[in-house]
1. Of all residues in the range 66-87, how many are without any contact (Cβ under 8 Å) to a residue 60 or more places away in the chain, open to solvent by 10 Å² or more (accessible area, probe 1.4 Å) and under 23 Å from the mean Cα position of the chain (by Cα)?
2. So how many residues does the range 196-214 have that are loosely packed, with under 15 Cβ neighbours inside 10 Å and either closer than 18 Å to residue 147 by Cβ or of a type outside the set (D, E, K, R) (or both)?
3. Please name all residue pairs, on different chains or six or more residues apart, with Cβ atoms under 6 Å, provided the first residue is in the range 189-201 and is within 9 Å of residue 111 (Cβ to Cβ) and the second residue is open to solvent by 30 Å² or more (accessible area, probe 1.4 Å) and hydroxyl-bearing (Ser, Thr, Tyr).
4. Residue 128 - would you say it is modelled with pLDDT of 95 or more, in contact with a strand residue (DSSP E or B) (Cβ under 9 Å, 6 or more places away or on another chain), farther than 17 Å from residue 346 by Cα and β-branched (Val, Ile, Thr)?
5. If you check 169, 188, which single one turns out to be open to solvent by 30 Å² or more (accessible area, probe 1.4 Å), under 16 Å from the mean Cα position of the chain (by Cα) and among the aliphatic types (A, V, I, L, M)?
6. Residues 180, 185, 214, 164: which one is among the small types (Gly, Ala, Ser) and in contact with a strand residue (DSSP E or B) (Cβ under 7 Å, 6 or more places away or on another chain)?
7. Please go through the range 130-164 and give me each residue that is of a type in the set (A, V, I, L, M) and surrounded by fewer than 23 Cβ atoms within 10 Å (Cβ to Cβ), ordered by number.
Amino acid sequence: MQISLVKLCYVRKNSYLCHWNFLTKDIIYMEEQQPKPYVIGLDLGGTNAVFGIVNQRGEILATSAIKTQAYKKVEDFVDAGVKSLQPIIEKVGGIGQIKGMGIGAPNGNFYKGTIEYAPNLSWAHETIVPLAQMFSDHLGISVGLTNDANAAAVGEMQYGAARGMKNFVMLTLGTGVGSGIVINGQLVYGSDGFAGELGHVTMVRENGRTCGCGRTGCLEAYCSATGVARTAREFLIESTEDSLLRKLDSEKITSLDVSIAASKGDPLACRVYEFTGKMLGDACCDFAAFASPEAFIFFGGLTKAGDLLMKPLEEEYNKHVMNIFRGKAKFLVSTLDDAGAAVLGASAIGWDL
């Protein structure tokens, strides 16, 4: 029996992959698939939906935006979003240059690509919306979706302070408290896609504040921007000490007002941040017990308070954390630019599709 062996060699020539057959001396030219250099990120907020084209270095090359609540039906929202995207997609060479799209959204389910019963989205308030599939159908590319805090964690891992880390906890301190937990290099989604809601662990068991989730005593009710304002109002009622905040309408006090007062050395405002930092530190003690992270990374407006927040946070953590965890975790503030961080976080999902 005669056995014929065909030996092939693969070489590159210009932008083609060449197959060289040693027996026939033939060269077959095949066009090489070049990697697509860009992804789309969508930061879907209750007020604005911001789209961005992002490269692998984490640079936002172009952006567009639409008003989230201007559309009563999700179909109209998607149509408007795609229309808004077209000019910036063309600016980078067309849809053929886009690898995928990532969406960061409230109540986002990574497994299903859906937004589920999001209270601040009129077209998703009482229903489940398959938003990832809808954008995919319109654009002809793969689309992934997760909640906004998980998107922030992915963005931090891809572009920011968590590069090279495989175990960290991301806490977003904004209007609420969001979180993304990364263990062994993977986000924790749980069985249904909604794991990791650390903003809704109970910190005050008796007479706790009512949280937007309907429960009482949640971390979010104390350590969010709205929580800081609530603490300031409580301290003003409980105390008679002088404070710059007494010159303001107490019902209109914001976390920014508290931060400005604290930066000027206002004792009451400083105590507000000390209270907030200590509670975050206590919460991180519990988070360390199940995640043992390399770092806790904080993002959001409250981090602008700097040491006023971070110093009592670390001190409280080191005072109460279990001995086996003490001194191991870093406490870091996000290195991503505030203006583009949410878009970058969402876009990072697109690279893995």
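The values are calculated or read from the model by the stated rules, or taken from the named source; none is laboratory data. Not measured: the values here are computed from a predicted model. Counting neighbours? That spans all protein chains shown, and the Cβs are built from the backbone with ideal geometry, glycine included. Protein only, heavy atoms only, side chains kept; ligands, DNA and RNA dropped before computing areas. Shrake-Rupley method; radii C 1.70, N 1.55, O 1.52, S 1.80 Å.
1. Residues flagged as without any contact (Cβ under 8 Å) to a residue 60 or more places away in the chain, open to solvent by 10 Å² or more (accessible area, probe 1.4 Å) and under 23 Å from the mean Cα position of the chain (by Cα) within the range 66-87 amount to 5.
2. 6
3. Pairs found: 193/111.
4. yes
5. 188
6. None of the others qualify; the one that does is 180.
7. 134, 139, 141, 161
For (1) within 13 Å of residue 255 (Cα to Cα); (2) of a type in the set (S, T, N, Q); (3) within 23 Å of the chain's Cα centre (by Cα), each residue gets a yes or a no:
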| site | (1), (2), (3) |
| --- | --- |
| 267 | no, no, no |
| 272 | yes, no, no |
| 281 | no, no, yes |
| 286 | no, no, yes |
| 295 | no, no, yes |
| 298 | no, no, yes |
| 306 | no, no, yes |
